[in-house]
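Chemist: Encoded as C-alpha cells, here's the structure I'll be asking about.
The values are calculated or read from the model by the stated rules, or taken from the named source; none is laboratory data. In this text, all values refer to a predicted model and were calculated from it rather than measured experimentally. Cβ atoms come from the backbone with ideal geometry, glycine included; neighbour counts cover every protein chain shown. The area values use the complete protein model at the heavy-atom level, side chains included, leaving out ligands, DNA and RNA. Shrake-Rupley method; radii C 1.70, N 1.55, O 1.52, S 1.80 Å.
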Amino acid sequence: MVKKQSDIFSLRKIERFAIKLSSSVQLSFEKRRAVLFVRETQTTIARMRIAYKTLIKNLTQYRQVAHGTEALLDNFYIIDSALTEISERWRNKEILYIPQISDYEGRSQPRAYQIARAFVRETNARINRDSVVAFLTAYQRTAPLSIRELDIFPDMLRFALIEEVLLVINSTLRVFDEIDEVERLFGRIIRFTDKRNVNFRLTVLTTAIAEKYKVIPAYFGFYLLQRIMQSGREHDLRVINKWLKLTMSRQGVNYARLCDTVTRTEREHTIMISNAVTSLRWLAQVRWDRVALELNAVDSILSRDPSGVFLHLCDDTRAQYRRTIVRIADRTGIHDVEVAREAVRLARIARKPQEKEEDTSKIYQHVGYFLIDEGVKVLERAVGYHPTVLERFRRFVLKNAAGFYFGLIFFITLFSTLLLFAFGGSVEMSFFAIVPMLIAGLILSSEIAVSITHFVFTRLTLPRLLPMLDLAKGVGPSRRTVVVVPSLFRNKDSADSLLRRLEINFVANNDPDIFYALLMDFGDASKAEMPDDELRVHEVVEGINKLNERYPSAIPRFSLFYRKRLWNTAEGIFMGWERKRGKLREFNQLLRGKPTSYITDDVELAARLGYVRYIITIDEDTELTGDSAVTLIRTIEHPLNRP
C-alpha cells in the first residue's frame, strides 16, 4: 500500500516532535511517586465512570446532542473495556517501577506516560501503527526506552486517550450546566415581562447578573442571546439584550463569533472523540508484541550475538532473555540496554575453559548462555548484581537438588517419628511393642515427609521453559527429520491401524522436511522365511503407496523399512536382530550407508532421503499433537539444549 504524501509529511512531523521531546531527558525514580501514580490513575478511572453516568443523566432531558457526544455514547463500551484493562493490569504496582521524568509542574511521573500523553495531544488522539512506530523510533535515537516501558506503552496510550475523553466529557457537562443556568434565568426574565415595572425589574436582574459574571462564559452568552432572539421579545428585553451585547463586545466577541466558536468547539470535540475511539479500538486489536519487536532497543543489541543464534529464536525465548535483563536492570539501576551490551561483550570474549585459546564453542559464544544458563552468574558479577536471599537459596537447592530432596525427607521423617514417640506414651511400653510402632511410625512419617517435600520443591523451584528456535518458515533440509514407528507384521487390521495412525501424525505435523517411516520386523519363527511373509509386506506396501499418492512429494513422504530374520543362538529361533533396539540402531546405520539386515531395496530408499539430521521415535499407539515434531526439532536445535 502506497502512503499518501500528506501521511508522509505527518510522520515526518511526528518524528521531529519525538526528537525534540527526547532532547532534554533527566531520568529519575521514586517508588513513592510510582505508587501515587497508580492511585491517581484509579481516581481518574473512577471520575471517568462518574462523569459518564452524569452525562447519561443529563441527556434524559431533551437536549440537542452534538455528534461527538453521540459517538461517545455509541462507543463507550470500548472506553469501558480500556478502563477495566488498565485497572486490572495496574493492580501490580511493580509494573510501574519504570524511569520517571518531571512534568511541567515539577512532579515526577513515569516517562512512558509523559511521552504517551504528549504523543496523543500532538496527533489529536489519532493513533495507528505507522505513527506509533515513527514516534518511538525517533524518540529512541537519543533516549532508548527500557523493556518495561515498551511493554506498558500501550496502556499509557490508553490512559492518555481516556484523559482526553474525560476532558471532553467534563467540557460537555459544563456546557450543560451553562445551558441549565440560561434556561432558569430566561424563565425569570419572561416572568418579569408579564408584571409592572418591567424595565426596572430587568435592570435589577441585569445588575445581579453583571455582578455574578465579571466575564461572561461563551456558551452562557451564546445560548442567552439565542433564547432572546428566538423569543420574539427583543424590544421588551432590550435592557438585558443591550447589556449582554455590550459586555460581549468588550470581551471582543459578538453573536456571529460566538456561533463560530461553538461550532468549532463541537467539531473539535467530535473529532477528538472519534479519533480516541478509533485509537482505543486499534489498541485493543493490535498485537503489541509484534510492534515492539521493531522498537526494542535491547533486541537490536542482542541481535549482535556472536553465534548468530539470537536472530533465529522464537518469541517466547526472546521474552525469556528479556526477563533476565529486566531483573538485573531493576536491582542494579543500570539501563536494560547496558545489561544487554555487557551480555554481548561477554559472549564475544567467551572461551571454553578446557579448549585451546583460539578455539571457541558456539554454546559459550551464544548470548543466551549469559542470560538463562550458567553464565548468568558471570553477567551478574560483571554488572554488580547481588542476588536476593531467596535467589541464593533457590540456586543452592538446584545445585544440590538430590541431597536437599532426600535430606529434607529424612529430617521430616525423623522429626515426625520423634514427635510421635514423645507424645504417644511409648516410654512405658516394652521393646517388643515399640519396634512395630517404630516401623509404622516411620512409614506414616515418610509419607507425610514426601508430601511436604514435594510441596516445598514446587514452591521453591520455578518452571523453566527450554529455549527454542523459530522455524515458522519450515524445518529446512539441514534439519531433515524422520519420524519412525517400530512395529511388527501381524495381520491386515494391525497394518491398517498403523497406516491410519501414521497419516494422522503426518497431517498434524506436515512439513516438507519431516518424513514418516515404519520400521518393521517379522514375528519370531522357526525358519528365516514363512509362507505369509510376502502377504504381510504387500498389505503394508500397498497402504504406503496410497499415502504417497494422496500426499505427493518429490521425495516420498512415507516409507517402509523391514528386516530379515536372523538366527539367534541364545533364543534358538529366527528373529529380528536385537528386536526394537536393533531396528533403531540399524536404521541409523542404514542412513549412513553401512550394511544392515534391512532388505536390499531399503538401501536405495534410505539413499533417496538424503541427509537426515534427526530421528523421532514414537510407539505405534502414540499420536503426535499439532506441530509437536517441529517443537522437538526447534528445541534440540538451540545450542543450549545440545548434549
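Chemist: For residues that are more than 20 Å from the chain's Cα centre (by Cα) and part of a helix (DSSP H, G or I), tally how many sit in the range 299-327.
Modeler: The qualifying residues number 1.
Chemist: So, restricting to helices (runs of 4 or more DSSP H) that lie completely within the range 528-627, which ones have at least 3 residues that are in contact (Cβ under 8 Å) with a residue 60 or more places away in the chain, under 46 Å from the mean Cα position of the chain (by Cα) and surrounded by 13 or more Cβ atoms within 10 Å (Cβ to Cβ)?
Modeler: Helices (runs of 4 or more DSSP H) meeting the threshold: 579-591.
Chemist: Could you tell me whether any residue of the range 50-58 is assigned to a helix (DSSP H, G or I), among the polar types (S, T, N, Q) and at pLDDT 85 or above?
Modeler: Restricting attention to the range 50-58, the residues satisfying the condition of being assigned to a helix (DSSP H, G or I) are 50-58.
Narrowing further to those that are among the polar types (S, T, N, Q): 54, 58.
Subset that is at pLDDT 85 or above: 54.
Yes - at least one qualifying residue is present in the range 50-58.
Chemist: Kindly evaluate SER249 against the criterion of being free of Cβ contacts under 8 Å to residues at least 60 places away in the same chain, among the hydroxyl-bearing types (Ser, Thr, Tyr) and open to solvent by 30 Å² or more (accessible area, probe 1.4 Å).
Modeler: Answer is yes for this residue.
Chemist: Does ILE618 count as in contact with a Phe, Trp or Tyr (Cβ under 9 Å, 6 or more places away or on another chain) and at pLDDT 90 or above? Reasoning before the result, please.
Modeler: Working: in contact with a Phe, Trp or Tyr (Cβ under 9 Å, 6 or more places away or on another chain): no; at pLDDT 90 or above: yes.
The answer is no for ILE618.
Chemist: Would you mind telling me which numbered condition in (1) in contact with a Lys or Arg (Cβ under 6 Å, 6 or more places away or on another chain); (2) open to solvent by less than 10 Å² (accessible area, probe 1.4 Å) PRO306 fails?
Modeler: Unmet condition: (2).
Chemist: Of the residues GLU374, GLU380, only one is more than 16 Å from LEU462 (Cβ to Cβ) and at pLDDT below 90; which?
Modeler: Only one candidate passes the filter, namely GLU374.
Here is a yes/no grid of residues against (1) closer than 22 Å to ASP315 by Cβ; (2) part of a loop (DSSP other than H, G, I, E, B); (3) touching a Ser or Thr at 6+ places or on another chain (Cβ under 7 Å); (4) open to solvent by less than 60 Å² (accessible area, probe 1.4 Å):
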site	(1), (2), (3), (4)
LEU471	yes, yes, no, yes
VAL475	yes, yes, yes, yes
VAL482	no, no, no, yes
SER487	no, no, no, yes
ASP493	no, no, no, no
LEU498	no, no, yes, yes
LEU502	no, no, no, yes
VAL507	no, no, no, no
LEU518	no, no, yes, yes
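Yes or no, residue by residue, for (1) part of a helix (DSSP H, G or I); (2) under 20 Å from ILE328 (Cβ atoms); (3) open to solvent by 80 Å² or more (accessible area, probe 1.4 Å):
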site	(1), (2), (3)
LEU371	yes, yes, no
ALA382	yes, yes, no
PRO387	no, yes, no
LEU390	yes, yes, yes
ARG394	yes, yes, no
VAL397	yes, no, no
ALA402	yes, no, no
SER416	yes, no, no
